[in-house]
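The values are calculated or read from the model by the stated rules, or taken from the named source; none is laboratory data. What you are looking at is a predicted structure, and each value in this text was computed from that prediction instead of being measured. Cβ atoms come from the backbone with ideal geometry, glycine included; neighbour counts cover every protein chain shown.
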Amino acid sequence: MNLVLLLKILSGLALGIGGLALLQRLRSGERRRLMVALTFIAGLFFLLEFVLPPGTTFFGLVPPADLTRDNFLSSWVEVIGNVVMVVGGFAFGLGLLNLATIHGRTLFRARAGWQNSLAFFVAMIAMTLAGLLKDHRAWVTVHDVLFQGLYQPLGASVFSILAFFITTAAYRAFRVRSGEATLMMIAAFIVMMAQVPIGMMMTNWLPTEGWAASLRIESISNWVLTVLNMAALRAVGFGIGVGWLAMSLRVWLSLEKGSYFGKEM
Amino acid sequence: MKDLVIVWLAAIATLAIYSILYKENPIYRFFEHVFIGLATGYSIARLWSDVLLPSWWQPMLGGQWYWIFALVVGGMFYTIYLPRYAWMSRLVMTVLMGMAAGIAFKGFATLYIPQLAATFRPIFSPAPPYLLVNNLLIIITVVAVMTYFFFSFEHKSRAVRGTASLGRWLLMIAFGAIFGSTVMARVALLTYRLWFLVHDVPSRGIPHL
């Protein structure tokens, strides 16, 4: 890195911090107005990028890269996407700080289970180093041992024990002798049986072609999944979509009130 | 040697996690924390090597000095710990939410409008009868389930009540199907782990003399 670039970076940092200091001088009402304005502009950019027809230029000044597909805002979508990704990446540290605070307190105050907190820190630091330095020869083995010996099997085991919990939950749910519970159990039974050899054996005697083939358990399961299940989930999705749109509109226009949005600044 | 260590570590880790099925115990707790630590460390490494290094650090050191402003904006998140400056974390958060709101309009149009078109397909056409019956069933299911979730007015009319009731029954079938698929996915994972314990550990974990 040359000296000029380093100076530019440091100047940029100073400029940014100076900008934050200026922001801090704003009064409460001004801060709120700034927030509302920036939120609106941020949303407006993506809305305009979507609704403006292909080939639209900025007063004839900024032509889009592809006149048949893009408008003058389209080329900025990727740039802004990158910026959001980087800025969002920095937010990861918030979660990290939270975990470090909780486990750090347990460890330094020697509370019950401090050994677990120590294990957390050791595992985190070792995996971070192994992940970052895995291209170095000496760290390849460490990375492989941690990843294949611990991370992968622990992940698979944690998710697989859900099979037991989900079965217990199902037993409780299906004990309720209602029409709905029965229907749910039948649908679950069909879908599960269609995925295991013993289930498929039940209808193996039916022909694989012709109308009778649609009575085979895998065909019934496929029909339940692709017709009834898909349509019901699609209806739920439409509801979620309309709610999402309404909520987005409220956020975009800063109409949302509540503990987060209505706080003093 | 490395393979041996990996196999035995994996076996111990698997058994430690399954020990919770008997009862809550310190070994399970220990390995649970190890897993959280490893997952966090893995995420940090991936975040740096997949996002920050290629999209921020390298361009910045490559001459695009203005990427330093991303650090300043990202740093605004951390003002949440300083009550006097905490409003700045909300500023950056609301801008991101504004962007998400703007994207939502495009998302809704691209995600749900094609689904709407795919839902209302012809029920009278030269297509095979079973397809027409399926098309009709899809329309009925979508309308009935949406009616069940329609809370803007009270379901007083018999027609609305009946449609909502049908929607609830159809939802139960869908939930059953989702449940069945989820169980099978988890059982597949469990089978894989058990296969590892009874097959891979003896074959790879015990050196053949």
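A few points about this structure:
- Evaluated against (1) within 30 Å of residue A:248 (Cβ to Cβ); (2) at pLDDT below 90, residue A:16 falls short on exactly one condition, (2).
- Region B:28-52, subset within 13 Å of residue A:82 (Cβ to Cβ) and of a type in the set (A, V, I, L, M, F, W, C), residue surrounded by the fewest Cβ atoms within 10 Å (Cβ to Cβ): B:51
- Only residues that are part of a helix (DSSP H, G or I), in contact with a helix residue (DSSP H, G or I) (Cβ under 7 Å, 6 or more places away or on another chain), surrounded by fewer than 19 Cβ atoms within 10 Å (Cβ to Cβ) and more than 7 Å from every other protein chain (Cβ to nearest Cβ) were counted in region B:12-27, giving 2.
- Residue list for region A:111-141, restricted to those being facing chain B (nearest Cβ under 8 Å), farther than 24 Å from residue B:7 by Cβ and either over 26 Å from the mean Cα position of the chain (by Cα) or not in a helix (DSSP H, G or I) (or both): A:113, A:115, A:116, A:117
- Evaluating residue B:183 against the criteria (1) farther than 20 Å from residue A:184 by Cα; (2) of a type in the set (A, V, I, L, M, F, W, C); (3) assigned to a helix (DSSP H, G or I) leaves one unmet condition, (1).
- Residue A:51, sole failed condition from (1) out of contact with any Leu (no Cβ under 7 Å at 6 or more places or on another chain); (2) surrounded by 14 or more Cβ atoms within 10 Å (Cβ to Cβ): (2)
- Here B:176, B:167 are screened, and the one residue that is within 7 Å of chain A (Cβ to nearest Cβ), at pLDDT 90 or above, buried (at least 17 other Cβ atoms within 10 Å of the Cβ) and part of a helix (DSSP H, G or I) is B:176.
- Test: residue A:144 is within 7 Å of another protein chain (Cβ to nearest Cβ), among the charged types (D, E, K, R) and within 23 Å of residue B:3 (Cβ to Cβ): yes
- Hits in region B:179-195 (condition: more than 7 Å from chain A (Cβ to nearest Cβ), under 26 Å from the mean Cα position of the chain (by Cα) and over 19 Å from residue A:194 (Cβ atoms)): B:194
- Being buried (at least 18 other Cβ atoms within 10 Å of the Cβ) and not charged (D, E, K, R) is a condition met by no residue of region B:125-133.
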